[in-house]
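The values are calculated or read from the model by the stated rules, or taken from the named source; none is laboratory data. Note that this is a predicted model, so its numbers are computed, not measured. Using ideal geometry, Cβ is built from the backbone for each residue, glycine included, and neighbour counts are taken over all protein chains shown. Each accessible area value is taken on the protein alone, full model and side chains, heavy atoms only, with ligands, DNA and RNA left out. Shrake-Rupley method; radii C 1.70, N 1.55, O 1.52, S 1.80 Å.
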Amino acid sequence: MWWYLANNFLYNCVLAKADTDTVTDNLAELEELQKMAEPGVLKGYLEDIVPMLVDFGVRVLFALLIYLVGKKIIKWIRRILKRGLQRSAVDEGVCQFLDSAAKILLYVVLAMAVINQLGVATTSIVAVLGSVGLALGLALQGSLSNFAGGVLILLFKPFKVGDYIIEDTHKNEGTVTEIQIFYTKLLTTDNRTVVIPNGTLANSSLTDVTHQDKRRIDLYVGISYDADIQKAKDILMEIVDGEAARIVGEETVVFVDSLEDSSVRLGLRFWVHTADYWNARWRATEEIKLRFDENGIEIPYNQLTVSLKKE
């Protein structure tokens, strides 16, 4: 009996102690809230926060000012760079490439200045960039390859701005209008813009059609076996002699190229300036057809003869 009474007494003491601790904790929290609600404490918090907000606002304004002024300075530097390169008679592709590189570099510097003004340590940014540099390098392998291709194009100059090129792998062709850091732009004859990675142009074969100042026109035409070969050759020579775009003094050749199954294949070769190539070729082709028709020289074409047998 006495053991039960002792245990009951101890249990009641523990409950009383727990209630006392709970009440004490609640009272402490109430006292803390009362202190925070006092005007002096609230005023202290405001006095600490307002200067921080004002300082941050000033930093934002200065950062915005740095960005706007920096953009103007970048444009000014790029303008001076372009003028200097143009005065030094540097190739147009080199000017475009260096301008693109300078633009990217200057904007990176401007971004670092703005971030630093906002209170972010640039050393931390550099450390972060260094840590992710390997990952960026692996992710941007294609871009780095295109950059290296652009450098190779500018060093070895397989083509320049203004040349008409044919990219043999994908058969893209057009006049080169821009050579940028990563891409080269072509303008097609029907006014379409084709963008080709520099890595593709640097690692594949291509044909520069306008690199030389003159081109040879090669035309072939078949005549009937019954036609007068010498007369046909004389007509071809007359056509060449009458072509205004022909370069006088360059070799002109009219020849029998081959004996086909149903025709004698004649060839005609003469030289013109590159700018006159297509117009001269089209005129000569049309003139051959008209002159052969006038002189009764047949140009054979594939025919199908069907014979019907009556029983």
ASP213 vs. criteria open to solvent by 60 Å² or more (accessible area, probe 1.4 Å) and in contact with a helix residue (DSSP H, G or I) (Cβ under 7 Å, 6 or more places away or on another chain): yes
Has segment 288-295 got at least one residue that is open to solvent by 70 Å² or more (accessible area, probe 1.4 Å), closer than 30 Å to GLU173 by Cβ and modelled with pLDDT under 95? no
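Yes/no per residue for (1) acidic (Asp, Glu); (2) modelled with pLDDT under 85; (3) on the phi > 0 side of the Ramachandran plot:
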position	(1), (2), (3)
LEU30	no, yes, no
LEU33	no, yes, no
MET36	no, yes, no
LEU42	no, yes, no
GLU47	yes, yes, no
LEU65	no, no, no
ILE73	no, no, no
TRP76	no, no, no
Does segment 224-233 contain any residue that is surrounded by 13 or more Cβ atoms within 10 Å (Cβ to Cβ) and part of a strand (DSSP E or B)? no
Residue list for segment 199-210, filter: open to solvent by less than 70 Å² (accessible area, probe 1.4 Å) and either over 13 Å from LYS171 (Cα atoms) or not in a loop (DSSP other than H, G, I, E, B) (or both): GLY199, THR200, LEU201, ALA202, LEU206, THR207, ASP208, VAL209, THR210
Applying the selection to segment 276-311, what residues are free of Cβ contacts under 8 Å to residues at least 40 places away in the same chain, outside any loop (DSSP other than H, G, I, E, B) and not acidic (Asp, Glu)? TRP278, ASN279, TRP282, LYS289, LEU290
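Table: residues versus (1) of a type outside the set (Ser, Thr, Tyr); (2) crowded, with 17+ Cβ neighbours inside 10 Å.
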{"site": "VAL253", "(1), (2)": "yes, no"}
{"site": "THR274", "(1), (2)": "no, no"}
{"site": "TYR277", "(1), (2)": "no, yes"}
{"site": "ALA284", "(1), (2)": "yes, yes"}
Would you check which residues across segment 78-103 are outside any helix (DSSP H, G or I), open to solvent by 60 Å² or more (accessible area, probe 1.4 Å) and closer than 18 Å to VAL176 by Cα and list them? none
Quick one: which strands (runs of 3 or more DSSP E) lie wholly within segment 137-198 and hold at least 2 residues that are at pLDDT 85 or above, buried (at least 19 other Cβ atoms within 10 Å of the Cβ) and in contact with a Ser or Thr (Cβ under 6 Å, 6 or more places away or on another chain)? none
From the option list VAL264, VAL272, VAL240, VAL248, single residue qualifying as touching a Gly at 6+ places or on another chain (Cβ under 8 Å) and of a type in the set (Val, Ile, Thr) is VAL264
Sole miss for VAL248 among (1) farther than 16 Å from VAL221 by Cβ; (2) β-branched (Val, Ile, Thr); (3) part of a loop (DSSP other than H, G, I, E, B); (4) open to solvent by less than 20 Å² (accessible area, probe 1.4 Å) is condition (4)
